[in-house]
Each structure stands twice: as structure tokens, then as C-alpha cells.
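Novice: I have a structure I would like to understand better, so I am pasting it below and will then ask my questions one at a time.
The values are calculated or read from the model by the stated rules, or taken from the named source; none is laboratory data. The model shown is predicted, which means the values in this text are computed figures rather than measured ones. Backbone-built Cβ (ideal geometry, glycine too); neighbour counts: all protein chains shown.
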Amino acid sequence: MIRQLHALVGPVLARPLTALGAAFLMLIVLGAVFAPLIAPFPPDAIDPVNRLLPPGGAHLMGTDHFGRDTFSRVVYGARLALLIGVGVVAFALASGVPIGVLSALYPRLGRVLMRMVDVLMSFPSLLLALGLIVILGQGVFNAILAIGLIYLTTTARIVYGVALRLRAEPYVEAARSMGAGTWWVVTRHILPNMISPLMVQASFVFAFAQLGAAALDFLGLGAPPDVPSWGNMLAESRIYITRASWLLLWPGLMIVLTAFSLNLVGDWLRDRMDPRFRDMVRK
Amino acid sequence: MKFGQLLGGVAFAALMASPVTAQTLRYATVSEPPSLDIQMGTATLASTIAQHMFEMLYAFDAAAVPQPFLATGETISEDEKTITIALRDGVVFHDGDAMTAEDVAASLNRWAEFGSRGKLLGLEKAEATGPLEVTLTLTAPNGAWKSMLAYPNGGPVIYPADVATAAGGDTIAPEDYIGTGPYRFGEIRPNRYVELVRFDDYAKIDAPLDGEAGGREALFEKLQFIPVPDVGTRMSGVQAGDYDYAEYISGDLYGTVKDDPGVQVKISAAPIFGLMFMNSDTGPLKDNYVLRQAILASLDMEQALQVSVGEPELFKADGSFFPEGNVWHSTSGTEAYSEGDAEKAKALAAEAGYDGTPIKLLVSTNYKEHFDQATVFTRQLADAGINVQMVVVDWATLLTLRGQPAEWDMFVTHHGAIPDPVLLTVMNDSYPGWWASEEKQALAAKFTGTSDLETRTGAWGELQALIYEQVPVVKVGNVYSFDIASPALSTPWDGAPAFPHFWGASK
Amino acid sequence: MLRYVIRRTGAAIMTLIAASIVIFAFIHLIPGDPVYVMLGDGATPDQVAALRARLGLDEPVVLQYLIWAGNALQGDLGHSVFFETPVTQVIADGAETSILLATMTMVWIVGFGIPVGVLAAMRQGRWVDQGLSGLAMLLASVPTFWVGLYLILIFAAGLGWFPSSGYPSIFEEGGLANLRYLVLPSIALAAPNAALILRLTRASMLDVAREDYVRTARAKGISPTRVVVRHILRNALLAVVSAFGFTFAALISEAVVTETVFALPGVGRTVVQSILRRDYPVIQGVILIIVCLYLVINLLVDLSYRMLDPRVELE
């Protein structure tokens, strides 16, 4: 048991920066789960008298223009960051994997599906997301959909590539020639072999979902503005840049560190994966 | 290097001292103005520029009371439907022709048919009944008729008859911008400037200036209106002496300019105010005046304004719909304004039988003030046990959604300064919110049925009191925008008017 | 080869048609109505109906699409509902800013990404390489608008070296000196993309270094610097240069956020503003042009790949 744990943790420790990244991600998860216990104030408690206070005293990271506690909002912001990340990854995988696998197995269907993916990819991704949000309306769920759609295309392409290559593997060919059903081939040979490229893709998508969501928030089209997300915090404090620059520091740092940690972990996973597929999972 | 700077300084000073520069007012605008045919459009900037060229039968004095301008007086029939207006003699158009009753009648008729506010007067026809006499026939008595004839924003300015008739429903082309004002049209160079030139044969009224009324005088040779969309550039341009005047400096820059000796701050005399409408057509707030009073009682406007505006000089928690000094100012009903009393609100909500039903508050993020105010209100209402659900959309969506009664219970918007209560959106029965109670209609009939100012101001006071009793809308408070000017500029007004004018101004 | 060119071009045109239908359908699904935005707060139903008719918004959507697509083929993208000028004019107004911004950004990306990528590859596995790769990853993790805000805070509001916002055309007063308005935005926009080019340069340098002819050159005793410059760099850059096209096209639309931060009058910002105003013709026009740009660049990259590197297999 301890040896197993060591086998898992050991390589991480060999890359100290990656280990730090992983630790930071754990911190984010803990912060998100225990937000009400950690945050000293409710994130939406308004106190106009104490607005725009610099960091220090009762307000570890200062207060915003409503007089709300920045630290508490940063802690609650972790919830949204996780929700967006998990949501986008789930959406991208749940839609991209079937599209990619089906396209690889049925070339005729594949031509149509992949052409549709091409059409989607020909749109500038940020504008596509913006347009979707405006159509669907503002909201966390819709932001997940809009960002997820961008990564549906890349995920589908990667899965398609990997599945095509797996399908041509001698043992898969052999299994098929021996009369194995499609379902059997998919569940026994294709999906299990796809886990490591998908994990790498998932960590990168998770990282970029953070940046995408922040950009949408900043344009006022992401999470509803009353939700304490890091992007919203930046968007709201933008005009106080000269008067209260610390308001921009904390949420921005959280976004950068979260995305950076995820990228580190993703990179580490990629270095450990099957070299045959390594080139396919490029950002 | 030093010598070069010195030389540059001397050259610059020489340039500044040259008469051409000294006699040109350079005004930095937020954008390129649309057509200056202001009968047809309500853009603020177009009104600001065009009021120097085009004049009206009446003009507002400092207390916002309409005074004869191109007119000299009027007689009104018993039924208030026929108005005979006498015109001032000796008024000359920029093309040299004298203004006659024909010109006035043609201008009024074009405005009534095509003008953007033309339908508000209910003008059946305007006829020249003498060389200097015009007779207006209204479809119904309209107490606000004189204000309509004095309000330049989308209002009936006077053009020569042939220009007005030829244009019809199309906007007048720049080469036909002919009016009677102290400045005449010079040229428009897209993205560069609009230039007006002093009109030397201007027929000045022999009376001191009083607001927009009285003797207007062009002291500048030229007025240049220069589009400078970036607010930072507008501000630094005035500081550097490139512009004499810059409009709409954003509130967060107030701190930087208020103590700068290199600029004059001109805080607006025409405050904009936030409004939160309630749905009188459908939903939990329909006819439930006590619940609405509970909502009103829980709100502390001072807090909302502090958060949304910040600078204390730029807001005022004032429940009156018109500012002090204005003829329409009244304090009736305002004791219910900004109480911020959660206990009273709870009691009222209980009396109203409020059961915790969520109240949908529609708000847009395009205007930061709207969203900030709504956020504070939501919190204050929650403290009073009233459950508000914010529905945040963009402005375009809000404009569509608010037309659908089932989609909202309250929405946040704002209102510009206006010369007569008749132009308040809440007075319009078909404006979203659809406030049309019997009490309102009775008072509104009294208000519009006469042109006697005293009766009308009295009726408005009662209407304002009714607004605080039935709460079809909640006024948030006055927000003052501000402009800046070079220290050398002297203007005949202190606070910037809604449409800053520069007759009588000099530097 | 000719058959391939024709087939590839045909496919691109099909994609464009599909995309144009998607654009049109999408945009008409947006709730909210340009007419209300234009007429302002107190619009009467009469005014609304009259304006809708004047703008052609009361026609069936399919007919509206056919009219639009037909005109677009003749280079007419319609009139902006808000500005009342031709959409092509609105796009041309924003194009100067967008193209100059993207160009200046490319200068930073190339000037930083390629040399640093080469350096990392030459020191593969050592601490310089690890440090630089870490830096690249950090740059890729930073939101451009956040960098932009701090650049404004430090270099515009603080030191006053560069203007904080806006961009007057270089054809107006100030001339080429107006390019200083684009310095901070282009640096902000360059950060994540430079990281991409850095990693790409490093990776393809290492790929090429494994090729047989490089080993042969090394075995022949040619000096290591000469090998890197003559053999590896030249071939490695082929892959990098082909990524320039996409990066440039992506910059035009990715700049939306940067243009918002710095209040630049570019194409991206025009789209966002037009979305808020529900200015359908402008949104459609701009997105169509950007999609065209993507497809043309995609096509050119594919074709040049085929011409430059005969090993690339044709589908």
C-alpha cells in the first residue's frame, strides 16, 4: 500500500514545480469545498462605509467598491473555477469522444462529422463563444456550454486520430477478423488505450477553460455579475485600477496559478504517456 | 535642448495669442454628431451643436419656465385648443431673408408630421394668420404646449419655409442648415470637426440672458466641435490647452481633475436619475401598493449612490423628480424616499400579505450604475425579508424583455433631465410598468388640461405624492455628470446645462 | 496536384457556405431587437414597426439570408443598422487597427518565441531549457486582459511612457508616431502566443535534430553551430512559419479582449459593440470576413506544405 502510494507520489516529487502545482490544486479544491468555513465574511455582505479598503486588518485582501471582503470572494471564487473546469471537461469529453470514435469506426459518417467539426473550427473561437452566450443568455451553465463547444472540436479531432491509429493496430484488426463486435472492440481496445491521452487533454482543457471563462467574465458575458468568480472580480475592479490596484492582484493571481498548475500537471502526464500518441495531444 | 524647448514655448505662446485661436471655441465631443436637423433626432450632441444655429418660438429661463423667444406672446382660446402666437419682428435667417409666419407654420407642420417628438403636441395644423402671426390648432388641450415649443431636443426649431417643405420626412442636408441663431453653419469634416461661424446680422433680443432665454450674443468667431471618443484624451487635451471644453468626463476621473488648477470642472446642472420600475400589469406587485411601499421603505438610496457613483459631489439622494430651483421642484411625498428602514419594511410586507414569492428584478450590466444599484437594493431588500431574484441581461435584451409583462416584476433604468413632467416615462401609460391607475388618470387630466402654470405645478405636486403612494417607480437619486473647461473660458452658466451653449461665452 | 488544389478549394468553399448559414441563423437567434436599441427608451409601437420595415427586418428569415448572401457575393455586406454606413466601411475602419495590432504582436512573438525556442532546444534537458519551458507555460497561463491592465498601471498610469488607451489612425495627426498606442496592447496579446511559438520552435528543432541527414552532417564533422544554423534551423522553421498564418488570423479575433481593455477601435471590439447593439449586418459581415480569412490561410498553408515538403501524404 505504502509502496503503491510511493510509486504514485515519487515521480511527482521528482519535479518540484509540478509537485507545487499539484499541491496548489489541492488547496483550490479544499477552498472550494470548505469555502463557508474558511471565508470570514459572506461573499455578498455589503458595507459601503468600508469600501475600497487596502489589505490588512479584518480584511486580509482589502474590500471592493461595495465594501465586500475580497478574501472571502476569492475563496468562493474557487468554487466557480472548479465548476467551470469540471463542466467544460465533462462536456468536451462527453461530446468529443463519441464523435471521434464513431468517425473512426464508420468512415462515411466520419467524413460528415469531421466536416462539421471543421466548420466549427473555422469560426474564431472566442467570437463563437460570445455569440453562443448572447443567444443562450448569460449564466454559468451557458458559459460552460460555450467554452465546452470550443474544446469539443479539439477533443473530437484528437480522439479521431488516436482511434484511427488504434483501429489499425494488429491486435485490433485480429480481434475484428475473429468476429468481435464493434462494441467489444470499442470497450476492450479503443477506450482503455485512450485514457492517458484523454487525461492529458482534460488537464489542458481544464486550464484553458479557466482563461476562457475569465475572458468571458471580463467582457461581461460569463457568469452573472452577482456571482463571485475571479473573472467577475477583475471586471468589476477594473475602473479602480489606479485607486485600488490590489483588487486586481488577488483574483488575477488565482487564475494564473490555477492555469499554470494545471498546465504543469498536464505536461507531466504527457511526458509519462505512450510516445505513439504524444504528438497528437498538442495544445 | 533647453533652447529648443524655449523656442517651442515661444512659438506655442505666439500661436495661442494669435486672434484666430483666441476667437475659436474648441469643444471635444464624445462622438461624431448625427444629422443636425434636430427636428428629426433626439441625440444630445446634435442638440448641443444645432441650438447655436436654430432657434425656437420659446426658450427656457433659468428656472425652466418657457419664455417667448422668436415669439413675443400668445393668446389662448377658451377651450385651450387654439393658440395664436405673435412673432418677433426683424428676425433674419442666415441666408438674409426675414423670418415670416409662413416659415414658422411650415416648420411646425413638418415637425408635427415627421419630427421625432412631433406627436407629443397633438398639433392638428399651424397656419400663418398674419405676416407675423401663427395660429396653432390642437386636437386636444395640452398644458405642456409651451414647453414643447421650447425644447430643442427633437423639437420644432424654425427653418425657412422652403427648406422645411422640401425636406419633408427626410433629414435636411448640411448645405441647407439655415436658421436664425447667433452662429451659422460653417462646414462638416467627418472625423475632424463640425464648424459654426458667427452670424453677423443676428437679431439679438434686448434683454439680459436668463437660462436659454434673453439676449444671445456670439462672442467667439467660430465654434468647433471635435469628436474625441476617448475620455482620457478629452481630459488631457483640455489640460494641455488643445481644447477649451470637453464633455462627459467619467466619474472615476473626478478625483484627478477636481484639484487641478489647469482645468475648470463644470458639474452638470441637469442631473440624470436612476429609476426602478414596478410591474403594474402582472405579478405579485400588481395593485399591491402596500408591498411596494414595503420595498420603498427598505431602500437606502444614499448607500446605493455611494457604491454606484462614489464621489459625494457627483450624487445627491433627492426624492424630488426635479432639482431645486426648477419650477417643477416639489417635496410632496418625498418623506417616503430613502428611509432604509428594514423594520418598517418588514411590517409593511407582513401587512401586504407577502409570502416570500421571489420578485424578479431585471437589470443590465451595460450601465455599471444600474447593476451596482440593483445589487445594493437586492441586499437591502433581503435584510427586510423580501426575496429578490436578479435577472441580469444585456441592455438590448432588457429593452425587449421589459415589454413582456410576465418576464419581470421590477427593472432598473435611468432618466435624463427634461423640461416638463409630461416627458417623464412614468407619465406614459404604455411605458413598461403600465401604470394607469384611476387616480393617476384623474390627476393627469387635470395636469394636461390647462396651460396655467400654477395649476399645472400644483397638479404635478399631487402626482409626485401619488407616485410615492402607489410606487409605480422608485427614484434612486440624482447623478451629476461633469464636463471640464480651460480656466480661461468664461460661460454665462455655472453648472453645465443639459445642452451646453456658448452664446455669451468667451475666453 | 491541380486536382488536389481544386478539391481542397471546393471543400473550403463548401465550408464557407455552411459557415455563412450558421452565422446568419445564429445571429437571428439572438434575443433583443436592434430597433429598440436604436429608438431608445420611449419608442412607440408605430415607430418600431416603421423602422423594422425600413431595415428589412420584417421579411422572412430565409429571404433575408438569400438577399444577404447574394449581395455578399458582389462585395456588398449591407448597411450597419447603427451607423447607417456600409458594413464594408465599418470593417475597413476597424481593419487598420486590427491588422497593425496583429502585425506588431507578430513582431514580438517572432522576436521572442523563435530565439528563445532555439536556445531551449540547444540546451535540451538542462536548467536553461527547463527554466524557459516553465516560463513559456507561465506565459500561456496568464489572461491577456490581466497583463494588459498591469501594463496600463505600470507603463501608462505610472511611468507615463505609453498612452493607456485609444488609437488614432497613422493617417491622422501624429503619423507613424501613433503606433506607440499599440505597444502595450501588442505586448499583452503577444504573451500567450509567444509561448506557443516558443514551444513549437523547440519541439520542431528537436524533431529535425533526430533526422538522418542531420546525423550525417554531424558525422561528417561539420561544426555544431553550422549544423544548427544550416541544417536544423532552416528545416525546423518551416513548421514554425506555417503556424504564423493561423496565429495571425487568430490574433485578429482573439484581440477582442485586448481591444476592450485598451479601448482600441479594432474589428473585434466592433463585433462586441455590435452584438450589444444588435447590429446584425455588422456582426454577420465581420464574422464572415474572419471565417474567410481562416479558410484562405488554412488552404494556403495546406497547399504550400504540399509544395515545400513532398513527403506530406495527400488524403
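Novice: Taking residue B:414, is it touching a strand residue (DSSP E or B) at 6+ places or on another chain (Cβ under 8 Å), closer than 16 Å to residue B:299 by Cα, touching a residue at least 40 places away in the same chain (Cβ under 8 Å) and within 14 Å of chain C (Cβ to nearest Cβ)?
Specialist: Considered against the rule, which asks whether it is touching a strand residue (DSSP E or B) at 6+ places or on another chain (Cβ under 8 Å), closer than 16 Å to residue B:299 by Cα, touching a residue at least 40 places away in the same chain (Cβ under 8 Å) and within 14 Å of chain C (Cβ to nearest Cβ), residue B:414 comes out as no.
Novice: Can you confirm whether residue B:450 is of a type in the set (S, T, N, Q), touching a residue at least 12 places away in the same chain (Cβ under 8 Å) and within 14 Å of chain C (Cβ to nearest Cβ)?
Specialist: Here the answer is no, as residue B:450 does not meet what is asked.
Novice: Here are the criteria: (1) surrounded by fewer than 23 Cβ atoms within 10 Å (Cβ to Cβ); (2) within 12 Å of another protein chain (Cβ to nearest Cβ); (3) in contact (Cβ under 8 Å) with a residue 60 or more places away in the chain. Tell me which single one residue A:126 does not satisfy.
Specialist: With respect to (1) surrounded by fewer than 23 Cβ atoms within 10 Å (Cβ to Cβ); (2) within 12 Å of another protein chain (Cβ to nearest Cβ); (3) in contact (Cβ under 8 Å) with a residue 60 or more places away in the chain, residue A:126 is out only on (1).
Novice: For residue C:136, are the conditions met, namely being within 14 Å of another protein chain (Cβ to nearest Cβ), out of contact with any Cys (no Cβ under 6 Å at 6 or more places or on another chain) and over 19 Å from residue B:232 (Cα atoms)? Explain how you work it out, then say what you get.
Specialist: Values: within 14 Å of another protein chain (Cβ to nearest Cβ): yes; out of contact with any Cys (no Cβ under 6 Å at 6 or more places or on another chain): yes; over 19 Å from residue B:232 (Cα atoms): yes.
Yes; evaluated as a whole, the condition is true for this residue.
Novice: Could you say which residue among A:79, A:176, A:73 is at pLDDT below 85 and either surrounded by 21 or more Cβ atoms within 10 Å (Cβ to Cβ) or away from chain C (no Cβ under 14 Å) (or both)?
Specialist: Exactly one residue qualifies, and that residue is A:176.
Novice: While we're looking at this one, here's another question. Which one of these is assigned to a helix (DSSP H, G or I) and either touching a Leu at 6+ places or on another chain (Cβ under 8 Å) or within 14 Å of chain B (Cβ to nearest Cβ) (or both): C:176, C:151?
Specialist: When all the criteria are applied, what remains is C:151.
Novice: Could you pull out the residue among B:420, B:429, B:409 that is under 30 Å from residue A:226 (Cα atoms), acidic (Asp, Glu) and not assigned by TED's automatic domain parsing to the domain that holds residue B:83?
Specialist: B:409
Novice: I'm told residue C:166 meets every condition in (1) within 14 Å of chain B (Cβ to nearest Cβ); (2) assigned to a loop (DSSP other than H, G, I, E, B); (3) on the phi < 0 side of the Ramachandran plot except one. Can you identify the failing condition by its number?
Specialist: (3)
Novice: Let me ask another. Select the strands (runs of 3 or more DSSP E) contained entirely in the range B:255-372, then report the ones holding at least 3 residues which are more than 14 Å from chain A (Cβ to nearest Cβ) and among the hydrophobic types (A, V, I, L, M, F, W, C). Please lay out each step first, then the result.
Specialist: Working: elements: B:264-267, B:272-278, B:359-364.
Strands (runs of 3 or more DSSP E) meeting the threshold: B:272-278.
Novice: Pull up the range C:256-271, narrow it to residues that are touching an Asp or Glu at 6+ places or on another chain (Cβ under 8 Å) and over 19 Å from residue A:134 (Cα atoms), then point me to the one that is farthest from the other protein chains (Cβ to nearest Cβ).
Specialist: It comes out as C:266.
Novice: Okay, next question. How many residues are touching a Phe, Trp or Tyr at 6+ places or on another chain (Cβ under 6 Å) and not hydroxyl-bearing (Ser, Thr, Tyr) when one looks only at the range A:66-86?
Specialist: Summing the residues that are touching a Phe, Trp or Tyr at 6+ places or on another chain (Cβ under 6 Å) and not hydroxyl-bearing (Ser, Thr, Tyr) in the range A:66-86 gives 4.
Novice: Give C:299, C:288, C:233, C:293 a once-over and let me know the one that is at the interface with chain A (Cβ under 10 Å from one of its Cβ atoms) and touching a residue at least 40 places away in the same chain (Cβ under 8 Å). Lay out the reasoning, then the answer.
Specialist: Working: C:299 fails: at the interface with chain A (Cβ under 10 Å from one of its Cβ atoms); C:288 fails: at the interface with chain A (Cβ under 10 Å from one of its Cβ atoms); C:233 fails: at the interface with chain A (Cβ under 10 Å from one of its Cβ atoms).
None of the others qualify; the one that does is C:293.
Novice: In the list C:274, C:253, which residue meets the criterion of being buried (at least 24 other Cβ atoms within 10 Å of the Cβ), assigned to a helix (DSSP H, G or I) and more than 10 Å from every other protein chain (Cβ to nearest Cβ)?
Specialist: C:274
Novice: Across the range C:126-148, what is the total count of residues that are farther than 21 Å from residue C:253 by Cβ and not in a helix (DSSP H, G or I)?
Specialist: 1
Conditions tested, residue by residue: (1) within 14 Å of chain C (Cβ to nearest Cβ); (2) over 27 Å from the mean Cα position of the chain (by Cα).
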{"site": "B:402", "(1), (2)": "yes, no"}
{"site": "B:426", "(1), (2)": "yes, no"}
{"site": "B:438", "(1), (2)": "no, yes"}
{"site": "B:444", "(1), (2)": "no, no"}
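Novice: Has the range C:8-27 got any residue that is modelled with pLDDT under 80, of a type in the set (A, V, I, L, M, F, W, C) and under 30 Å from residue B:416 (Cβ atoms)?
Specialist: There is no residue in the range C:8-27 that is modelled with pLDDT under 80, of a type in the set (A, V, I, L, M, F, W, C) and under 30 Å from residue B:416 (Cβ atoms).
Novice: Can you tell me how many residues in the range B:294-351 are more than 25 Å from residue B:481 (Cα to Cα) and of a type in the set (Phe, Trp, Tyr)? It would help to see each step written out before you state the result.
Specialist: Of the range B:294-351, the ones more than 25 Å from residue B:481 (Cα to Cα) are B:294-298, B:332-333, B:335-336, B:339-351.
Still in the running and of a type in the set (Phe, Trp, Tyr): none.
Going through the range B:294-351 one residue at a time, the tally reaches 0.
Novice: Let me ask something else about it. Those residues that are more than 20 Å from residue A:222 (Cα to Cα) and part of a helix (DSSP H, G or I), I need them from the range B:378-398; list them, please.
Specialist: Once the filter is applied, which keeps residues that are more than 20 Å from residue A:222 (Cα to Cα) and part of a helix (DSSP H, G or I), the range B:378-398 yields B:378, B:379, B:380, B:381, B:382, B:383.
Novice: A further question on this structure: Test each condition in (1) surrounded by 17 or more Cβ atoms within 10 Å (Cβ to Cβ); (2) part of a strand (DSSP E or B) for residue B:137 and report the one that comes out false.
Specialist: Status for residue B:137: all satisfied but (1).
Novice: I've got another one for you. Evaluate the range C:183-204: report whether one residue or more is surrounded by 17 or more Cβ atoms within 10 Å (Cβ to Cβ), under 30 Å from residue A:244 (Cβ atoms), within 14 Å of chain B (Cβ to nearest Cβ) and touching a residue at least 60 places away in the same chain (Cβ under 8 Å).
Specialist: Within the range C:183-204, one or more residues are surrounded by 17 or more Cβ atoms within 10 Å (Cβ to Cβ), under 30 Å from residue A:244 (Cβ atoms), within 14 Å of chain B (Cβ to nearest Cβ) and touching a residue at least 60 places away in the same chain (Cβ under 8 Å).
Novice: Could you pull out every one of the helices (runs of 4 or more DSSP H) wholly within the range C:1-116 that has 2 or more residues that are more than 13 Å from chain B (Cβ to nearest Cβ) and surrounded by 13 or more Cβ atoms within 10 Å (Cβ to Cβ)?
Specialist: Per the criteria, C:2-29, C:61-73.
Novice: A further question on this structure: Restricting to the range B:1-49, count the residues that are basic (Lys, Arg) and modelled with pLDDT under 90.
Specialist: Looking only at that region, the number is 1.
Novice: For the condition over 26 Å from residue B:125 (Cβ atoms), surrounded by fewer than 21 Cβ atoms within 10 Å (Cβ to Cβ) and within 14 Å of another protein chain (Cβ to nearest Cβ), what is the one hit in B:174, B:190?
Specialist: B:190
Novice: So which residues in the range B:222-254 are more than 11 Å from every other protein chain (Cβ to nearest Cβ), assigned to a helix (DSSP H, G or I) and of a type in the set (Gly, Ala, Ser)?
Specialist: Within the range B:222-254, B:237 is the sole residue that qualifies.
Novice: For the range A:132-173, which positions are within 25 Å of residue C:33 (Cα to Cα), within 14 Å of chain C (Cβ to nearest Cβ) and in contact (Cβ under 8 Å) with a residue 60 or more places away in the chain?
Specialist: Answer for the range A:132-173, where residues must be within 25 Å of residue C:33 (Cα to Cα), within 14 Å of chain C (Cβ to nearest Cβ) and in contact (Cβ under 8 Å) with a residue 60 or more places away in the chain: A:133, A:134, A:138, A:139, A:146.
Here is a yes/no grid of residues against (1) β-branched (Val, Ile, Thr); (2) over 17 Å from residue B:275 (Cα atoms); (3) outside the structural domain of residue B:374 (by TED's automatic domain parsing):
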{"residue": "B:286", "(1), (2), (3)": "no, yes, no"}
{"residue": "B:293", "(1), (2), (3)": "no, no, no"}
{"residue": "B:296", "(1), (2), (3)": "no, no, no"}
{"residue": "B:300", "(1), (2), (3)": "no, no, no"}
{"residue": "B:303", "(1), (2), (3)": "no, no, no"}
{"residue": "B:306", "(1), (2), (3)": "no, no, no"}
{"residue": "B:312", "(1), (2), (3)": "no, yes, no"}
{"residue": "B:328", "(1), (2), (3)": "no, yes, no"}
{"residue": "B:331", "(1), (2), (3)": "yes, yes, no"}
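Novice: Right, another one. From the set of residues in the range A:34-51 that are away from chain B (no Cβ under 14 Å) and outside any loop (DSSP other than H, G, I, E, B), which is nearest to residue B:377 (Cα to Cα)?
Specialist: By that ranking, first place goes to A:36.
Novice: If you scan the range B:311-351, which residues turn out to be basic (Lys, Arg) and more than 25 Å from residue B:382 (Cβ to Cβ)?
Specialist: B:316
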